[in-house]
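Below is one structure, written out as structure tokens; the observations come after it.
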Number of protein chains: 6
Amino acid sequence: MNPREKKTVAYHEAGHALVAELMPGADPVSKISIIPRGVAALGYTQQLPTEDRYLMTRSELLARIYVLLGGRVAEEMIFGDVSTGAQNDLQKATEIARTMITQFGMSERLGLVALEGPRPPMFLPVPTQAPRDYSEETARIVDEEIKKLLVECHNRVRDVLMSSDKRLKSRRNCF
Amino acid sequence: MNPREKKTVAYHEAGHALVAELMPGADPVSKISIIPRGVAALGYTQQLPTEDRYLMTRSELLARIYVLLGGRVAEEMIFGDVSTGAQNDLQKATEIARTMITQFGMSERLGLVALEGPRPPMFLPVPTQAPRDYSEETARIVDEEIKKLLVECHNRVRDVLMSSDKRLKSRRNCF
Amino acid sequence: MNPREKKTVAYHEAGHALVAELMPGADPVSKISIIPRGVAALGYTQQLPTEDRYLMTRSELLARIYVLLGGRVAEEMIFGDVSTGAQNDLQKATEIARTMITQFGMSERLGLVALEGPRPPMFLPVPTQAPRDYSEETARIVDEEIKKLLVECHNRVRDVLMSSDKRLKSRRNCF
Amino acid sequence: MNPREKKTVAYHEAGHALVAELMPGADPVSKISIIPRGVAALGYTQQLPTEDRYLMTRSELLARIYVLLGGRVAEEMIFGDVSTGAQNDLQKATEIARTMITQFGMSERLGLVALEGPRPPMFLPVPTQAPRDYSEETARIVDEEIKKLLVECHNRVRDVLMSSDKRLKSRRNCF
Amino acid sequence: MNPREKKTVAYHEAGHALVAELMPGADPVSKISIIPRGVAALGYTQQLPTEDRYLMTRSELLARIYVLLGGRVAEEMIFGDVSTGAQNDLQKATEIARTMITQFGMSERLGLVALEGPRPPMFLPVPTQAPRDYSEETARIVDEEIKKLLVECHNRVRDVLMSSDKRLKSRRNCF
Amino acid sequence: MNPREKKTVAYHEAGHALVAELMPGADPVSKISIIPRGVAALGYTQQLPTEDRYLMTRSELLARIYVLLGGRVAEEMIFGDVSTGAQNDLQKATEIARTMITQFGMSERLGLVALEGPRPPMFLPVPTQAPRDYSEETARIVDEEIKKLLVECHNRVRDVLMSSDKRLKSRRNCF
């Protein structure tokens, strides 16, 4: 990795970690690394699950999305440019949003309905390929709901990191 | 399971049971448990079918949906947040609603038509994958009818549990 | 079968039989039974084909649909609720309507066109799965024509059974 | 076959034959039969191709459609009801119309374009199942062009048989 | 082949050859034949490629379409009727038009985009069956662009053959 | 290759190279060749990656598209006609644009969403064939975003080569 890439990875992982610390309901961070493990993982932020989980609430699922988007938002804020490094995070975040809307009945607009059946274990890096059991119109609303949810999460994360940044800056000014 | 999860499961199962007791036409409850059996079933509410059934009426199918939605509605009422625990219930409820509309001719808007053929045994946790024999426009109406039916059931269940809650509270006041 | 189910089956089969008797062009009834044969057939109404048939006219196909819908309409009239017992009848009726419209050129709106090719023997309980050789717009019109045809048949059967019911009642009064 | 069916077949085949005689460009009739050959062919009208053909003009293809529709139109005129007997004729007529429009560039509205590739030998009783290489909008126009062509042919055949009928009747009056 | 067919083939091939001679950029004609080779090729017009080609310009691709349409336009002009003989020409012309638009970025409306990947060798008589990687709306625009291109080519060829015909006629008058 | 083809290839490769030199962020050119290697590669422009890359920023991905389009734009400018030679460049450019929009969350209109999963190694000359996990409406927006991005890149490249051309010409005038 060249210095610019290393810097990008560092800010990206710090973004994840900061959001994990600042967002209520997110699992605490146990470790951050920017030592690459293979081509796929240039760095990682490890969260400490304090216990095994059987149920996830809506708020907890949102907290996962917040942390996932934290890396990308940090890149936006620091470099004014974005990289391909968020690809995997975006996939996971989209998958959680999709599952909330199509399987857990967590979209008010679509209601208490299960549009899709059980899938391979959550957070696998594969998109589902099952043929749709609903209409094109419903698929359009699902897409809109996924986008709306992710846009709200994106804005929320940006706000949190922005205000955190100000506080950091002011503290830095103190030194 | 952590205490919060246990509490969620307890209220969820109680929701099923209460609706089964309060809704006319639903099978009586024989057993409730919040001792997990594997990862998939964190708790269960057993209803006692008083006899083998060969025919189900529209009212009886609706009663099944009411009981299925009871768990989720209880979570909404008690926690103001919802969990992933209703996933299986929503699938079953959606499947019943879909079958009523596409196979049993129970949607006035679509009329006495069989849009889909026989399927694997009802209440299997797999969505059907057969290619559609009808137009996108009809698929859209099917989706609307499923949503409408489930929204009505959701409201009905909420009303029943709400008024039951009041009565429970007032009785509790008496103690 | 519990008594309610038996009663439902009895009225259902009587509905088939009455329509077969009252509708001109329908084959005469030779036998009615409400002794179940397996889970699938809880009762049956046997019509006597007076001869082997090679050609069916439009009127004769309509007569078949009338008889098929008779069971369900009887349930509607007697119980004010409907059961899953009409599932197979609805499939057959839909299949006949579909074939009239897409293969026999019997829809004025679609005209003298064969939208679908030959299929497995008529009245099989499987819907066809062949990929469509026509546009979504034409599929929409096919669905509308099927619905229109079945709604007209439904109304016709209801009218016939209603007026028959009145005559039966008045005769009963005479006894 | 019962007498009614025999009569239907006789008029149906006579319809084919009359159109073949009356339409310029149609191959002359060599034989008519209403002795069934298997279940599929209850009768047939044999046209004598005076020679092997390598090319067909637009007019000759139309003449084939006219003859194919003649049987059904005869049923309409004589019985005021139609039968399933035209199923195979409609398939062939639709297939010719479709090929003219999608392969031979004979639709002015769609222009000199080949929307579909070569198929199994023309006039086979199987509809094509190849995935579409064009848009839904084009598929809609193809359907409209097929319908328009067949409606025009239907009207033309009806006119020819109607006026022939008048002449026949007046001649009969002379006897 | 009957005399009419032979005459059709002769004019059809002459149409190809004339366009090849009259259109700038088209390869020169080396041989014309109306002796059939199998059922598929009733005649042929051989153009002499003066060299192997690795690149084709937009103008050269258009010239190929012009020559391909020449046979059909000749039929239109001479007989006022068209035959099935242009089927293969239309397929090739459509395939070239489609490739120009979806692979070579030669449609201004769609822009510098590759909507489809590499295919089997150009000018094969098989349409591509690969699943679409773009939306229905884009497919609609592709169809419109193909039609527009072919209509323009059709008009251009008609103009060229028409004015050539006048010159031929006036020369004939001189004899 | 004939002289015209050679000239086309030379200008095409020079177009790639010039853009690579003129665009900030593009990898420097190490070698240009117009000696064909097989039928597929009539010439090539080799860029020197100064280091292995693990992350690509948005600007770097755009720079790749600019260089890819440079060959085609050179053809437009020099010959006023375009050739099939850009086919492979357009595929790669489209694939990069598509990936930016559907996997890297680099389209503001679609937002921070992963519409498609991981694919075979980037820049492979095969379009993806995976079934879509989103609605037709979203597919339409994806197509519009891809087109918009490529049109902007096309314009940018044209501007850069145009102004470079002027400078070249003025320098040439100096000789």
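Every number here is computed from the coordinates shown, using simple stated rules; none is lab data. Note that this is a predicted model, so its numbers are computed, not measured. Glycine gets a Cβ as well: all are built from the backbone with ideal geometry, and neighbour counts include every protein chain shown.
Brief remarks on what is shown
- Sites B:K31 and D:R4, calculated FRET efficiency, Cβ-Cβ separation with R0 51 Å, nearest 0.05: 0.20
- Charge tally in the Cβ shell below 12 Å around A:K148, where Lys, Arg are +1 and Asp, Glu are -1, A:K148 excluded: -3
- Counting Lys and Arg as +1 and Asp and Glu as -1 over every other residue whose Cβ lies under 12 Å from the Cβ of B:I32, the net charge comes to -1.
- Cβ nearest the rotation axis (D onto C), residue from chain D and distance to the nearest whole Å: D:E136, 5
- Residue among C:A86, C:A114, C:A26 with the largest mean-square fluctuation in a Gaussian network model of chain C, springs linking Cα atoms under 10 Å: C:A114
- Using θ = phi - 60° and Karplus 6.51 cos²θ - 1.76 cosθ + 1.60, couplings along region D:133-150 (whole Hz; Gly, Pro as x): 9, 9, 6, 4, 4, 5, 4, 5, 5, 4, 4, 5, 5, 4, 4, 4, 4, 5
- Based on C-alpha pairs under 8 angstrom that are at least 6 apart in sequence, chain B has a relative contact order of 21 percent.
- Nm distances between copies for A:P131, ranked from closest, using label points 7 Å along Cα→Cβ: 0.6, 0.7, 1.1, 1.1, 1.3
- Comparing C:Y54, C:Y11, C:Y66 in a Gaussian network model of chain C (Cα springs below 10 Å), the most mobile by mean-square fluctuation is C:Y54.
- Cβ crowding within 10 Å, taken as a proxy for footprinting-reagent exposure, orders B:E21, B:E95 from fewest neighbours to most as B:E21, B:E95.
- Amide H contacts under 5 Å for B:V29, placed H, 5+ residues apart: B:L48
- Proximal charge balance of D:T84 [Cβ under 10 Å; K/R count +1, D/E count -1]: +1
- Here r is the Cβ-Cβ distance between E:S59 and C:R140 and R0 is 41 Å; the resulting FRET efficiency, rounded to 0.05, is 0.40.
- The 3J(HN,Hα) values that the Karplus relation (6.51, -1.76, 1.60; θ = phi - 60°) gives for region C:79-88 are, in residue order, 9, x, 9, 10, 10, 6, x, 8, 3, 5 Hz. Gly and Pro appear as x.
- Per residue, chain A reaches -19500 deg cm²/dmol at 222 nm when only DSSP H runs of four or more residues are counted, each adding -39500 (n - 2.57).
- When each of D:R37, B:R98 is scored by the number of other beta-carbon atoms lying within 10 Å, the sequence from fewest to most is D:R37, B:R98.
- Exceeding the 31 Å Cα-Cα cut-off - candidates A:K166/F:K92; D:K92/E:K92; D:K92/E:K6; E:K147/F:K147: A:K166/F:K92
- GNM flexibility winner over chain F from F:S107, F:S135, F:S163 (Cα, springs under 10 Å): F:S135
- Tensor-based shape of the protein assembly as shown (alpha-carbon gyration tensor, a/c under 1.5 rounded, otherwise prolate or oblate): oblate
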